[in-house]
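Report on the structure given below.
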Amino acid sequence: SYKIIVASRLRMPESRATVVLNLAGLEELMREVHGFPFTLDANRMIRGNYRVNKERYSGSIFCSELVAEAYIRVGLLPERRLSGNYSPRDFSSSADTRFLLDARMEKEHRIREVSKEASHG
């Protein structure tokens, strides 16, 4: 009757606060994926969970893949791992994901979103 949405912030140490991220890379990504639908290919998402995707997104993208690609483009994740080989767990505060520039994920905040059916009953 409801779904859970989790929000988390990426935190960088104050000593790195003056680091300039590659915003041009982020703008390029936004132009590249504009209009892409979220993928409905469960197999691709499952392969990402096991880090066995061999190709970059093409025509559609899934949630953690979009986040990973954005972090890669701005210089917070290494380019050697495909963005499609990240899962939502990789962006949790308990994961061992190695961000560049000493960045880390803060503790998650869970938000409950009630479905339309439950709100009318």
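The values are calculated or read from the model by the stated rules, or taken from the named source; none is laboratory data. Owing to the predicted nature of the structure, the values given are computational and were not obtained by experimental measurement. Positions of Cβ are generated from backbone atoms using ideal geometry, with glycine treated the same way; all protein chains shown enter the neighbour counts. Quick note on the areas: whole protein, heavy atoms, side chains included, nothing else; ligands and nucleic acids left out. Shrake-Rupley method; radii C 1.70, N 1.55, O 1.52, S 1.80 Å.
A few points about this structure:
- From the list SER83, SER8, the lone residue that is touching a residue at least 12 places away in the same chain (Cβ under 8 Å), touching a strand residue (DSSP E or B) at 6+ places or on another chain (Cβ under 6 Å) and hydroxyl-bearing (Ser, Thr, Tyr) is SER8.
- Top-ranked residue in the range 83-97 [being part of a helix (DSSP H, G or I) and of a type in the set (S, T, N, Q); ranked as nearest to ARG11 (Cα to Cα)]: SER83
- Just one of the listed residues (ASN43, ASN22, ASN53) is closer than 19 Å to ARG9 by Cα, among the polar types (S, T, N, Q) and more than 14 Å from the chain's Cα centre (by Cα), and it is ASN22.
- Subset tally (residues that are of a type in the set (S, T, N, Q) and open to solvent by less than 20 Å² (accessible area, probe 1.4 Å)) for the range 65-97: 3
- Output for the range 48-64, where each listed residue is more than 13 Å from SER83 (Cβ to Cβ) and surrounded by 15 or more Cβ atoms within 10 Å (Cβ to Cβ): ASN49
- Annotation: of all residues in the range 1-41 being in a loop (DSSP other than H, G, I, E, B), within 19 Å of SER64 (Cβ to Cβ) and among the hydrophobic types (A, V, I, L, M, F, W, C), the one that is least open to solvent (accessible area, probe 1.4 Å) is PHE36.
A quick yes/no check of all residues on (1) touching a residue at least 12 places away in the same chain (Cβ under 8 Å); (2) touching a strand residue (DSSP E or B) at 6+ places or on another chain (Cβ under 7 Å); (3) over 22 Å from ARG110 (Cα atoms); (4) β-branched (Val, Ile, Thr):
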| residue | (1), (2), (3), (4) |
| --- | --- |
| ILE4 | yes, yes, no, yes |
| PRO13 | yes, no, yes, no |
| VAL19 | yes, no, yes, yes |
| ALA24 | no, no, yes, no |
| GLU27 | no, no, yes, no |
| GLU32 | no, no, yes, no |
| PHE36 | yes, yes, yes, no |
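- Consider the range 1-49 and keep the residues that are touching a helix residue (DSSP H, G or I) at 6+ places or on another chain (Cβ under 8 Å) and aromatic (Phe, Trp, Tyr). The one that is modelled with the lowest pLDDT is TYR2.
- Count of residues meeting criterion [surrounded by 11 or more Cβ atoms within 10 Å (Cβ to Cβ), of a type in the set (A, V, I, L, M, F, W, C) and part of a strand (DSSP E or B)] in the range 98-113: 1
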